[in-house]
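What follows is a set of notes on a single structure, which appears directly below.
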Amino acid sequence: MNIREASVALAKRSGRAMIVAGGTMVHGLAARGLLGNIKTLIDLQNLGLSYVKSDPKGFRIGAMTTFDEVLNYKPVSKDIAYGALIDAVNLPPAQIRNMATLGGSVCSSTPFFDVPIALMALDADVRAKTSRRQRLIPLNRFFISSFETALKAGEIATEVILRKFPSRTASSLLKLETNANDLAILNVGTRITLDKQSRCIESRIVVGGGVGPVPVNSPSAERKLRRRVLDEDTISEASEATLEDVDPVSDFRGSADYRRAMCKVMTKRALKKALARVRGGM
Amino acid sequence: MALMTLRVNGEARDVSVQPHHSLLRVLREELGLLGSKRGCDTGGCGCCSVLVDDKVVYSCMVLAMSCVKKKITTVEGLQVNGALDPLQEAFVRAGAIQCGYCIPGFIMASKDLMRRRRFPSEKEIAQSIAGNLCRCTGYQKIIEAIEMAVSNSNGAG
């Protein structure tokens, strides 16, 4: 099987077939009776989609690349610009890191996952292919709702594209959780680039987990950072400003009020973590 | 149902499975290998840990069909001609086993660590078993057992 054939098989069974990447979600869905009308599973493991490639614009990471393989690819894992992604792939235990894939994590479109938040903070793109054409989808337009992505019938996400960032860029991801096995109550991804005077010239703040069906970007927080030195007051103002863009929900993991309070705290901590990285490496 | 051949503990085994059946289910119910335990069945407790191509995974979350042509190792496959694996030996000697239910999972996770790191630090040992729960021992004896196995294997090499 190749990608073209997988795409045709998927398109032909629209709504009745599902792509399997690492497979860690399929059993969970089956156990909860959520496989619905799915009768066919299409496994992509032999299509050559496990790779990390460096090119002048950045890195291309094959959709079937596991978290552990990302972690072991030094040009990415030692670069503080991609710190958010490394934080995210480091969260689960070895048993998950050896199986879960970047493409699977993104295409599950679960706002409680950590890797998609990190990749959104990195302005990553997804390459989607069918048997006839391909296109690039920016991640902030990729997530439509829980379990729903911008992929059309027959489209397969083949790789995640990371761009290169200017020097003095760092990113971070923090997860707030009830225990190590649970999904996030809230998670925050940040990316900052500082100029020579240590003013913030570019930033991205993304909040996920219980703040809606898809991760939320916070332009209000980013505006507060713009052209400012990231001292305590600036970071506090930006963290406070996330609440202009984020509208948390209440569920069994936490109330909306708790999430609002924690959104400020976690954004502040995540920004400080990124800042510490610009100042002193990983 | 689909017929497939799985390579488990060095033997080719023919099994018939549904596409969504987990590797754990096939190991226990088709092949009678009961060392890997069904705990949470959702990838949290680690009792079902096995090696696939020498890497530790939760067998409850891996689809059996995804393991065709791969090398599957369960705790039953560790002993050689009746002699326990150094890790198994160390778990017994360190008194790391109480009720024992979680132990195959811990041993498989430690096996993966010892493949990756010849001289793991205590922190690395603790991190390597982060995906395994034990409700009896409080982990200290388990960590001591892994340290014992590491130093024994380095002493022998």
Going by how many other Cβ atoms sit within 10 Å of their own, how do A:Met99, B:Met1 line up, fewest first? B:Met1, A:Met99
Work out how much length B:Cys136 to B:Asp53 would gain on full extension: take 0.36 nm times their residue separation and subtract the Cα-Cα distance, in nm to one decimal. 26.9 nm
For the charge dipole of the protein assembly as shown, defined by +1 on Lys and Arg C-beta atoms and -1 on Asp and Glu C-beta atoms about the Cα centroid, which residue among A:Ile80, B:Gln79, B:Gly44 has the Cα displaced farthest towards the positive pole? A:Ile80
Ordering of B:42-49, B:121-128, B:94-101 by packing [mean C-beta count within 10 Å, highest first]: B:42-49, B:94-101, B:121-128
In the protein assembly as shown, with Lys and Arg counted as +1 and Asp and Glu as -1 at Cβ, which of these residues, B:Gly105, B:Ala130, A:Val229, has the Cα nearest the positive end of the dipole, that is, farthest along it? A:Val229
State the volume of the convex hull built on the alpha-carbon positions of chain A, expressed per residue in Å³ and rounded to an integer. 122 Å³
Size of electric dipole in the protein assembly as shown: Cβ of Lys, Arg +1 and of Asp, Glu -1, about Cα centre, debye, nearest 20: 1200 debye
Below 25 Å Cα-Cα, how many Lys pairs turn up in region B:15-132? Only count pairs eight or more apart in sequence, or on different chains, if you could. 14
May I ask you to derive the FRET efficiency for A:Arg279 and B:Met1 from their Cβ-Cβ distance with R0 = 41 Å, giving the value to the nearest 0.05? 0.10
Ranked highest first by average number of other Cβ atoms within 10 Å, how do A:88-97, A:8-17 line up? A:88-97, A:8-17
Can you give the calculated 222 nm mean residue ellipticity of chain A, where each DSSP H run of n ≥ 4 adds -39,500 (n - 2.57) and the sum is split over every residue, rounded to the nearest 500 deg cm²/dmol? -9000 deg cm²/dmol
Heads up, region B:26-155 by the C-alpha gyration tensor (a ≥ b ≥ c square roots of eigenvalues; a/c under 1.5 rounded, else a/b over b/c prolate, else oblate) looks prolate
Here the whole-number average of other chain Cβ atoms within 10 Å per Cβ of A:27-39 is 3
Residue among B:Ser66, B:Leu6, B:Gly35 farthest towards the positive dipole end of region B:2-77, charges placed on Cβ: B:Ser66
Determine the principal axes of the Cα atoms in region A:175-234, then give the extent along each, sorted from largest to smallest and rounded to whole angstroms. 41, 22, 18
Below 8 Å between Cα atoms, with a sequence gap of 6+, how large is the relative contact order for region B:51-157 in percent? 32 percent
Which length gain, in nm to one decimal place, applies between A:Leu35 and A:Ser236 when the Cα-Cα distance is subtracted from 0.36 nm times their residue separation? 68.0 nm
Taking only DSSP H segments of four or more residues, each worth -39500 (n - 2.57), what value at 222 nm results for chain B once the sum is divided by all its residues, to the nearest 500 deg cm²/dmol? -9000 deg cm²/dmol
Counting other C-beta atoms within 10 Å, which of B:Val62, B:Val50 has the fewest, and how do the rest follow? B:Val62, B:Val50
Number of partner chain Cβ atoms within 10 Å, mean per residue of A:42-49: 2
Footprinting exposure proxy for B:Ser22, A:Ser109, A:Ser50 (fewest neighbouring C-beta atoms within 10 Å first): A:Ser50, A:Ser109, B:Ser22
Cβ neighbours within 10 Å from other chains - mean over B:55-67: 6
A:Lys152: which aspartates and glutamates have alpha carbons under 19 Å from its alpha carbon, excluding same-chain residues fewer than 8 sequence positions away? A:Glu5, A:Asp43, A:Asp125
Electrostatic dipole magnitude of region A:3-163 [Cβ: Lys, Arg +1; Asp, Glu -1; Cα centre; debye, to 20]: 660 debye
With bins 5 Å wide starting at 0, give me the P(r) of region A:9-152 over every alpha carbon pair, in whole percents. 2, 9, 18, 25, 22, 15, 7, 3, 1, 0
Given +1 on the Cβ of Lys and Arg, -1 on the Cβ of Asp and Glu, and no further charges, what dipole in debye does region B:2-77 carry about its Cα centre, rounded to the nearest 20? 100 debye
Taking the Cα centre of each part, how many Å lie between region A:103-118 and region A:57-95? 14 Å
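Just so you know, all these numbers are worked out from the coordinates, no wet-lab data involved. On a predicted model such as this, the values are computed, not experimentally measured, just so you know. Here the Cβ is made from the backbone with ideal geometry for all residues, glycine too, and neighbour counts use every protein chain on show.
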